[in-house]
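The values are calculated or read from the model by the stated rules, or taken from the named source; none is laboratory data. Just so you know, these numbers come straight off a predicted model, no measurement behind them. Backbone-built Cβ (ideal geometry, glycine too); neighbour counts: all protein chains shown.
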Amino acid sequence: MSTSTTPSAKPGTASPAPVASTGATAATGATAATVATAAAPSESALDFLRLDGELTEDERLVRDAVARLVDEQVLPIIGECFESARFARELLPALAELGVFGVSLHGYGCAGLGAVSYGLICRELERGDSALRSFVSVQSSLCMYPIHSYGSEQQKLQWLPRMARAEVIGCFGLTEPQGGSDPANMRTTARRDGDGWVLHGSKMWITNGHIADLAVVWAQTPEGMRGFLVERGTRGFTSEEIKHKFSLRASNTGALFFDDVRLPADALLPGATGIRAPLSCLSQARYGICWGVIGAAQACLAEALNHAAERVLFGRPLDHTQAVQLRLAEMVRKLSMAQLLALQLGRLKEREALSAAQISLGKWNNCRMALEIARDCRDLLGGAGISIEHTAIRHMLNLESVVTYEGTETIHQLTIGRAVTGISAF
Ligand code: FAD
């Protein structure tokens, strides 16, 4: 595995180009031997707008702690995990020790940090691999958040501290085989049965689905959509791993089956009524994705910059050619805009002024940005770019899932369209 540079580092300085061409020498077709020595890069491609300067000291400390873990414990193993389709469960204690699970929540063993800190955690984790960020998103935003927001005091005390320590793994079951973009068309049902409930139906494409100890499951009831906490081992609840994925291979994905599962009354999340409840969870997770994919793009760009400095073709390093510099500049443009967007979303979220449509803009724009950068970096690496020895293809394949889950581009475009016209065109 090649290691990627931390976002605060300057990839060009880590592996400086041996020589640099001026416009004049390039135009005359001069060879590497005749061109001038390179000056050190004056800006970091990974933080061109110096947005790290906008972070607080505490935010930088959080970022650096997670970055260290990713460099030391994730990057050395993640290629193997991807290749063998293995979720790196052994990383959970170290992640829990850092306090990344439920980091934005207050109380119950959670750190209660701000939205930008949560974003930076997502960014650093996804610099390692989208699978890791997906795990943390699901555990924190899709499982702990609904328990914290809609659960009873007893549910919070029972589950949140153990989930913060990753002793209990959660999953979030909303999507069904007949179409994830339209969750209102849900077929899974729950009906009251004495004091309790009977749950029937199935869920598809569920992150952590086959390893989770606790599933947050959404079902239609006579009183609207409700959320339930279903423990593994409950009679009638089974899961299957979804194998043969070409994307997010280091993440566990499963299908959940509920065959008339009898649940006690206290399995119901009392505060979650209607589709707004699961959508509010998705907003939390989508916000994290806006940041996370920046990390994937940074890893790809750092790798491509190093490669372009070292790869000599037609008598000069690749990064001496105008065509390659144009491509690198284009990537820096896209990355910088995405970074600005994520930071603004974070500051709005911290003021509790962030709307779902604004999150949609970030999810749509930043996933597209990361996917385009990953694909272009993959190409810049040439044939070597298809090897697991490099990071670009792994990120590129992962991002095909990330652009799809938590709402496809179309769904986010329609959300923005509705926000600016007042008309729902779904
Ligand atoms: P569909 O909804 O069938 O969409 C198919 C296509 O139709 C898309 O291109 C879409 O943009 C387009 N489309 C939809 N509506 C319209 C419209 N009105 N106009 C025009 N085009 C439209 N779900 C969970 O609940 N929990 C999880 O943990 C989870 N993890 C996932 C992990 C992975 C790796 C993947 C791949 C998916 C995961 N999902 C999860 C499911 C994910 O959220 C859905 O795949 C996603 O919402 C899309 O749903 P779908 O796959 O059914 O596609």
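Could you list, in sequence order, the residues of segment 150-195 that are within 15 Å of residue 283 (Cα to Cα) and in contact with a Ser or Thr (Cβ under 7 Å, 6 or more places away or on another chain)?
The answer is 181, and nothing else.
Please specify each residue of segment 290-305 satisfying the condition of being farther than 19 Å from residue 87 by Cβ and either of a type in the set (A, V, I, L, M, F, W, C) or without any contact (Cβ under 8 Å) to a residue 40 or more places away in the chain (or both).
290, 291, 293, 294, 297, 299, 300, 301, 302, 304, 305 - these are the residues of segment 290-305 that are farther than 19 Å from residue 87 by Cβ and either of a type in the set (A, V, I, L, M, F, W, C) or without any contact (Cβ under 8 Å) to a residue 40 or more places away in the chain (or both).
Among helices (runs of 4 or more DSSP H) lying entirely in segment 121-205, which contain 2 or more residues that are outside the structural domain of residue 231 (by TED's automatic domain parsing) and of a type in the set (Gly, Ala, Ser)?
130-137
If you check residue 294 against the conditions, is it of a type in the set (A, V, I, L, M), more than 19 Å from the chain's Cα centre (by Cα) and within 19 Å of residue 405 (Cβ to Cβ)?
no
Taking the residues in segment 219-237 that are of a type in the set (D, E, K, R) and under 13 Å from residue 275 (Cα atoms) as candidates, determine which candidate is surrounded by the fewest Cβ atoms within 10 Å (Cβ to Cβ).
Going through the qualifying residues, I end up with 223.
If the requirement is being within 16 Å of the ligand (Cβ to nearest atom), part of a helix (DSSP H, G or I) and more than 13 Å from the chain's Cα centre (by Cα), which of these qualifies: 373, 416?
Exactly one of 373, 416 is within 16 Å of the ligand (Cβ to nearest atom), part of a helix (DSSP H, G or I) and more than 13 Å from the chain's Cα centre (by Cα), namely 416.
Could you tell me which residue of segment 186-210 is nearest to the chain's Cα centre (by Cα), considering only residues that are among the polar types (S, T, N, Q) and within 12 Å of the ligand (Cβ to nearest atom)?
207
With respect to residue 183, determine if the residue is within 12 Å of the ligand (Cβ to nearest atom) and either touching a strand residue (DSSP E or B) at 6+ places or on another chain (Cβ under 9 Å) or at pLDDT below 95 (or both).
Criteria met by residue 183.
In segment 256-274, how many are within 11 Å of the ligand (Cβ to nearest atom) and free of Cβ contacts under 8 Å to residues at least 60 places away in the same chain?
The number of residues fulfilling the criteria is 0.
Taking the residues in segment 226-246 that are touching a residue at least 40 places away in the same chain (Cβ under 8 Å) and over 20 Å from residue 139 (Cα atoms) as candidates, determine which candidate is nearest to the ligand (Cβ to nearest atom).
245
Looking at segment 376-395, which of its residues are surrounded by fewer than 16 Cβ atoms within 10 Å (Cβ to Cβ) and part of a helix (DSSP H, G or I)?
379, 382, 383, 384, 386
Need the failing condition index for residue 168 against (1) in contact (Cβ under 8 Å) with a residue 40 or more places away in the chain; (2) out of contact with any Lys or Arg (no Cβ under 7 Å at 6 or more places or on another chain), just the number.
(2)
Got at least one residue in segment 48-65 being under 17 Å from the mean Cα position of the chain (by Cα), more than 30 Å from residue 352 (Cβ to Cβ), part of a helix (DSSP H, G or I) and not assigned by TED's automatic domain parsing to the domain that holds residue 394?
Among the residues of segment 48-65, not one is under 17 Å from the mean Cα position of the chain (by Cα), more than 30 Å from residue 352 (Cβ to Cβ), part of a helix (DSSP H, G or I) and not assigned by TED's automatic domain parsing to the domain that holds residue 394, which makes the answer no.
Based on what the data block shows, is residue 107 surrounded by fewer than 17 Cβ atoms within 10 Å (Cβ to Cβ), within 16 Å of the ligand (Cβ to nearest atom) and among the small types (Gly, Ala, Ser)?
Here the answer is no, as residue 107 does not meet what is asked.
So, in segment 142-174, of the ones that are within 19 Å of residue 288 (Cα to Cα) and hydroxyl-bearing (Ser, Thr, Tyr), which residue ends up nearest to the ligand (Cβ to nearest atom)?
145
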